[in-house]
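Remarks on the structure that follows.
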Amino acid sequence: MTRIFFNEVVTRDGFQNEPAFVATDAKVALIDELSACGYAKIEVTSFTSAKAIPMLRDAEEVMGRIRRLPGVETTVLVPNVRGAERALESRADELNLVMSTSETHNLANLRMPREKSFAGLREVIEMAHRAGSGRVPVNVSLSCCFGCPMEGDVPEAEVMRWADRFAALDVRGLTICDTTGMAHPAQVRRLTRALQQRFGSLQLTLHFHNTRGMGLANVLASVDEGITRFDGSLGGLGGCPYAPGATGNICSEDAIHMLHAMGHDTGIDLPRLLAVARQLPSIVGHDVPGQVAKAGLITDLHPAPAYVAELRGQ
Ligand code: COA
Ligand code: ZN
């Protein structure tokens, strides 16, 4: 049995891609309920430009109003120095910096070349490490590590090159993102093996999207290689608005249900999480991809039809 740590990203990756703004009250209530389910970490929001990501324009208010539970870290997505100033002001427990390993996706998503992103993020890391309130840990999310929807293949060497550059800046962790669900399990095995060998001392998190139905297979391939940290999104919402064809993340409750069935421990109260997941369609106003919230646990049995009892009696 392995202890597996989940970072819940529905209010960031999930809500950034919703067609309608989710009210601040609903975001705060949802995060408070998720905090009580046993997550290791919650990615609450992003400190991005309101023009780029209008759905998360209430980031300060959300961070100011959520209940902080001991043991549940809050992290926030940060693309630049301005975002880091706002995130530090909001007392996030961790800054999750973002840039893409694909030049084209970086230009589409962050409107700058990768070198300019890196220079800004290096400055952010220095800011976080000498923050007035004490050192704030930094994680770096690298987008498109398994392929770019515009460029195609992203060579493993390119992923390792960016990971190396951030590791040299003393970050706490790296999140390896499959932004548009291009990863397959054999590729995941290769890359996670190489990453574990080179960055064994860092927290390595895998971030999968289920765009082509390979999400849970990729989680299993990663677990087999010793990965113990995953991003997941309630209901399977999610997607980068600036990555063509992006759809939802792996569904947290489906992934957690699978891992529990296999005997792993996530620290999450699954029945409680399912009760929260069942509220999600009414929060966003549409059906969501998650399956276990609809089907129930594998231990939730159904009564047999009456004729079965009759047949037994024959
Ligand atoms: N928070 C709030 N406002 C910000 C900001 C931040 N982190 N960064 C820039 N801005 C504001 C600037 O103050 C400026 O405002 P003004 O028009 O009122 O003067 C405006 O945004 C443009 O600033 P600029 O530095 O020219 O940014 P840009 O237009 O080149 O956009 C990013 C760059 C990175 C800010 C923007 O592309 C972004 O926020 N992207 C995030 C994408 C994302 O989150 N994708 C999904 C997750 S992978
Ligand atoms: Zn994502």
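Reported count of residues in segment 51-79, each being out of contact with any strand residue (DSSP E or B) (no Cβ under 8 Å at 6 or more places or on another chain) and either surrounded by 23 or more Cβ atoms within 10 Å (Cβ to Cβ) or assigned to a helix (DSSP H, G or I) (or both), is 6. Of the residues contained in segment 280-296, none is found to be under 28 Å from residue 137 (Cα atoms), open to solvent by less than 50 Å² (accessible area, probe 1.4 Å) and outside any strand (DSSP E or B).
Please find, within segment 11-65, the residue that is nearest to residue 246 (Cα to Cα) out of those that are within 16 Å of ligand 2 (Cβ to nearest atom) and of a type in the set (A, V, I, L, M, F, W, C). Let's see the steps before the verdict.
Start the filter on segment 11-65 by keeping residues that are within 16 Å of ligand 2 (Cβ to nearest atom), which leaves 11-18, 41-46, 48, 52-53, 55-56.
Right, trim to of a type in the set (A, V, I, L, M, F, W, C) and you get 15, 42, 44, 52-53, 55-56.
On the way: 15: 13, 42: 21, 44: 20, 52: 16, 53: 15, 55: 16, 56: 18 Å.
Checked segment 11-65; the qualifying residue nearest to residue 246 (Cα to Cα) is 15.
Residue pairs whose Cβ atoms lie under 8 Å apart, separated by 6 or more positions or on different chains, with the first residue in segment 68-91 and touching a residue at least 60 places away in the same chain (Cβ under 8 Å) and the second among the charged types (D, E, K, R) and open to solvent by less than 50 Å² (accessible area, probe 1.4 Å), are 75/41; 75/43; 75/94; 76/12; 76/43; 76/94; 77/12; 77/43.
In segment 1-44, what count of residues is obtained for those that are on the phi > 0 side of the Ramachandran plot and open to solvent by less than 10 Å² (accessible area, probe 1.4 Å)? Qualifying residue count, segment 1-44: 0. For segment 219-249, give me the residue count where each residue is farther than 17 Å from residue 260 by Cα, of a type outside the set (S, T, N, Q) and within 16 Å of ligand 1 (Cβ to nearest atom). Residues meeting the conditions: 11.
Determine, yes or no, whether residue 118 is in a loop (DSSP other than H, G, I, E, B), open to solvent by less than 50 Å² (accessible area, probe 1.4 Å) and among the aromatic types (Phe, Trp, Tyr).
no
Residues of segment 133-155 that are open to solvent by 10 Å² or more (accessible area, probe 1.4 Å) and either of a type in the set (Val, Ile, Thr) or free of Cβ contacts under 8 Å to residues at least 24 places away in the same chain (or both): 134, 135, 136, 152, 153, 154, 155.
The values are calculated or read from the model by the stated rules, or taken from the named source; none is laboratory data. Because the structure is predicted, anything quoted here is derived from the model rather than measured. When we count neighbours, we look across all protein chains shown, and the Cβ atoms used for this are built from the backbone with ideal geometry, even at glycine. Remember, those area values only see protein heavy atoms, side chains included, never the ligands or the DNA or RNA. Shrake-Rupley method; radii C 1.70, N 1.55, O 1.52, S 1.80 Å.
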